[in-house]
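Please read the structure below before turning to the comments.
Nothing in this text is a laboratory measurement; each read-out follows from the coordinates by a stated rule. The model shown is predicted, which means the values in this text are computed figures rather than measured ones. Every residue, glycine as well, gets a Cβ built from its backbone with ideal geometry; the counts of neighbours run over all protein chains shown.
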Amino acid sequence: MAKSKAERKPKTVAYLRVSTIDQDTEKNKHEILKLANDKDFGKVVFVEEKVNGKKSWKERKIKHVIDELKEGDRLIVPELSRLGRSMLEIMEMLSIAKDNPDLRNY
């Protein structure tokens, strides 16, 4: 039997993108886990990828993350520049997330 909206526990997703194989996400993971613990967010699901920011966000893992967000869920990024290369691209992501029927009333 599926859980109703009221019974569904919100999830916390942390998106970590690095551009080169030499970059490390461990510091960011530690900071995000500290924040999640301080805010009592519960378990954090990390989504990591090593991909150049020139690649469209629609071709990266962040697209799937945004598509899967439901009301009450949290998306944490270490800094906005990890979402996209330009403010226009980041605003596009936020607009699509806002238009997600599961997030409209949140």
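Maximal additional length on extending the ILE21-GLU79 stretch stands at 19.0 nm, based on 0.36 nm per residue less the C-alpha distance. Coupling constants for the range 16-27 follow from the phi torsions by the Karplus curve (6.51 cos²θ - 1.76 cosθ + 1.60, θ = phi - 60°), and in residue order they are 10, 10, 10, 8, 10, 5, 6, 7, 10, 9, 4, 4 Hz; glycine and proline get x. Taken one residue at a time, the phi angles of the range 82-92 give Karplus couplings (6.51, -1.76, 1.60, θ = phi - 60°) of 6, 7, x, 7, 9, 5, 4, 5, 5, 5, 4 Hz. Gly and Pro are set to x. Between the entries (i) 6.4; (ii) 9.9; (iii) 7.5, the label attached to mean projected area of the Cα convex hull in nm² calculated for this structure is (iii).
Modelled spin labels at LYS43 and HIS64, positioned 7 Å past Cα toward Cβ, are 1.8 nm from each other.
Rounded to whole numbers, the Karplus 3J(HN,Hα) couplings from phi for the range 72-80 are x, 5, 10, 10, 10, 10, x, 6, 4 Hz, using 6.51 cos²θ - 1.76 cosθ + 1.60 with θ = phi - 60°, and x at Gly and Pro.
Proximity of backbone amide H atoms, modeled 1.01 Å from N, is registered between ALA14 and VAL45, PHE46, VAL47, ILE76 at under 5 Å, excluding neighbours fewer than 5 places apart on the same chain. The charge dipole of the chain, taken about the Cα centre with unit charges on the Cβ atoms of Lys, Arg (+1) and Asp, Glu (-1), comes to about 180 debye, rounded to the nearest 20.
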